[in-house]
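Here the structure is laid out as structure tokens; the discussion comes afterwards.
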Amino acid sequence: MNDAANPLWGGRFAGGASAIMTEINASIGFDKALWRQDIAGSRAHAAMLVAQGVLSAQDGAAIAQGLDQVAAEIDAGKLVEDPALEDIHMHIETRLFALVGDAAKRLHTARSRNDQVATDFRLWVRDAIDALDVRMAALQRALVLRAEAEAETVLPGFTHLQVAQPVTLGHHLMAYCTMIGRDRSRLADCRTRLNECPLGAAALAGTSFPIDRFSTARALGFDRPTANSLDSVSDRDFALEFMAACALAGLHLSRLAEEFIVWASQPYRFVSLPDDYSTGSSIMPQKRNPDAAELVRAKAGHLLAGFQRLAVVMKGLPLAYSKDMQEDKVPTFEAFHTLDLSLAAMTGMVETVTFNRDAMRTAAMSGYSTATDLADWLVRAAGVPFREAHHITGRAVRLAEERGCRLDALSLGDLQAVDPRITQGVFAVLSVDASVASRTSYGGTAPDQVRARIADVRRELGL
């Protein structure tokens, strides 16, 4: 086998790779997604080599012009995949050689595929984070706008999926807005940590050429070069952290999707999802299935599995690079595309869902949801210790159950038979509207508190 048969490493080997080895070794089928980042990295590297006197200005100009043409060809869908060239990096370099000749062979001076791919991958993840942040901000905007319109809409709050206390729909929606805010913060933190440039670490030990790693880092928008060449080429923490953040965001979307699924069911009838995000049944013509929400719920599993896939790959690898790490791309790419799609679907559902306020209010009035308000009133108005007030309220709830009525439907005489310290004033707190209005502590469900939190998020989002 001559060098041309495998321009990466053919000189060391007398024979060629088997067909199976070529197939298992090739990554072009998926790492072609890195082509923009690879060309950007090569441009920066070539410019630095010229500035440092390692590469002639003539060769640098030829490389820059050739890379522009390669980029235009790939962007036009003209990339011809060849498994023998293994990956996107060698595909680009081979095409560059065909365009500009020997100058292309000098491009790889003072770098290795190890630091090259680490740089490309960091650039790709950084771009993915920026794209997801836009998606998440859009979902937050949708939640804020719907919450603002429903700041006074009453629905039951649940614990253990049992009616607990009345809350406002605006408050409920803002809980998810808060979750997505944390997701954005986690991705921003991940971006900050990954924003160091591995280029120039070479294979694992650095290089003897007089390169300027700070220059290439700046050219590629990194804050600084990575500080240890071994870690530079063997680290995939940034991908794991990215996928962990994606998995947690997926869990939040799954929880919201589950709410919509339950709320859309006939026993609840809290929401109606639009045709755009629903499907029918092949046999039951009356069905309206919340399939988009169900698929968002399911895709959280893909995100969790992706993190585990890469964690298992990395868990036992010694320093520095091992071929196992080629398996880092697919789960990371899939995590981005899965979360991106889930965010788009969830945003569409939030924007277009119809809320059934009457059904929500009716449900909030069931289950003795204002029992805590009775206990709190006994503490405030009658000076009863809370534990005693809790027991008194329990007896009142039992009486209402026996009568088959709501708490606020009991007469004053009924309540005074439970405890004589109860007065007419208690009825001012037993309605669901009075209950939610009373929860004025910071972050509570009172409409004024909900509007205050909406104003905070509006400022953060620039709305």
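The values are calculated or read from the model by the stated rules, or taken from the named source; none is laboratory data. What you see is a predicted model; the values in this text were computed from it and never measured. Counting neighbours? That spans all protein chains shown, and the Cβs are built from the backbone with ideal geometry, glycine included. Surface accessibility is based on the protein's heavy atoms, side chains included, excluding ligands, DNA and RNA. Shrake-Rupley method; radii C 1.70, N 1.55, O 1.52, S 1.80 Å.
Laid out as a table, the results:
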quantity	calculated
Verdict on Arg398 being free of Cβ contacts under 8 Å to residues at least 60 places away in the same chain, closer than 30 Å to Val134 by Cβ and in a helix (DSSP H, G or I)	no
Unmet requirement for His89, which otherwise passes all of (1) out of contact with any helix residue (DSSP H, G or I) (no Cβ under 7 Å at 6 or more places or on another chain); (2) at pLDDT below 95	(1)
Test: residue in segment 439-456 that is surrounded by 12 or more Cβ atoms within 10 Å (Cβ to Cβ), at pLDDT below 95 and either part of a helix (DSSP H, G or I) or not β-branched (Val, Ile, Thr) (or both)	yes
Selection from segment 216-228 of residues that are open to solvent by less than 30 Å² (accessible area, probe 1.4 Å) and either in a loop (DSSP other than H, G, I, E, B) or farther than 18 Å from Arg126 by Cβ (or both)	Leu220, Phe222, Thr226
Residue that is nearest to the chain's Cα centre (by Cα) [pool: residues in segment 175-215 that are of a type in the set (Asp, Glu) and in a helix (DSSP H, G or I)]	Asp183
Qualifying residue in segment 86-99 (condition: surrounded by fewer than 23 Cβ atoms within 10 Å (Cβ to Cβ) and over 16 Å from Asp38 (Cα atoms))	yes
Residue in segment 426-438 that is farthest from the chain's Cα centre (by Cα), counting only those that are open to solvent by 40 Å² or more (accessible area, probe 1.4 Å) and not polar (S, T, N, Q)	Phe427
Neighbours by Cβ (under 9 Å, 6+ apart or cross-chain): first from segment 228-248, outside the structural domain of Gly301 (by the TED database); second in a helix (DSSP H, G or I) and open to solvent by less than 10 Å² (accessible area, probe 1.4 Å)	none
Output for segment 143-163, where each listed residue is open to solvent by 70 Å² or more (accessible area, probe 1.4 Å) and of a type in the set (Ser, Thr, Tyr)	Thr159
One residue from Phe307, Phe355, Phe333 being open to solvent by 40 Å² or more (accessible area, probe 1.4 Å) and either of a type in the set (Phe, Trp, Tyr) or in the same structural domain as Ser431 (by the TED database) (or both)	Phe307
Scan of segment 301-358 for residues that are within 22 Å of Gly170 (Cβ to Cβ) and outside any helix (DSSP H, G or I), ordered by number	Val353, Thr354, Phe355, Asn356
Near pairs, Cβ below 7 angstrom, 6+ apart or cross-chain, from segment 252-280 (over 22 Å from Cys177 (Cβ atoms)) to any residue that is modelled with pLDDT under 95 and among the acidic types (Asp, Glu)	Ser278/Asp291; Thr279/Asp291
Those residues of segment 409-435 which are among the hydroxyl-bearing types (Ser, Thr, Tyr) and closer than 30 Å to Arg357 by Cβ, in sequence order	Ser411, Ser431, Ser435
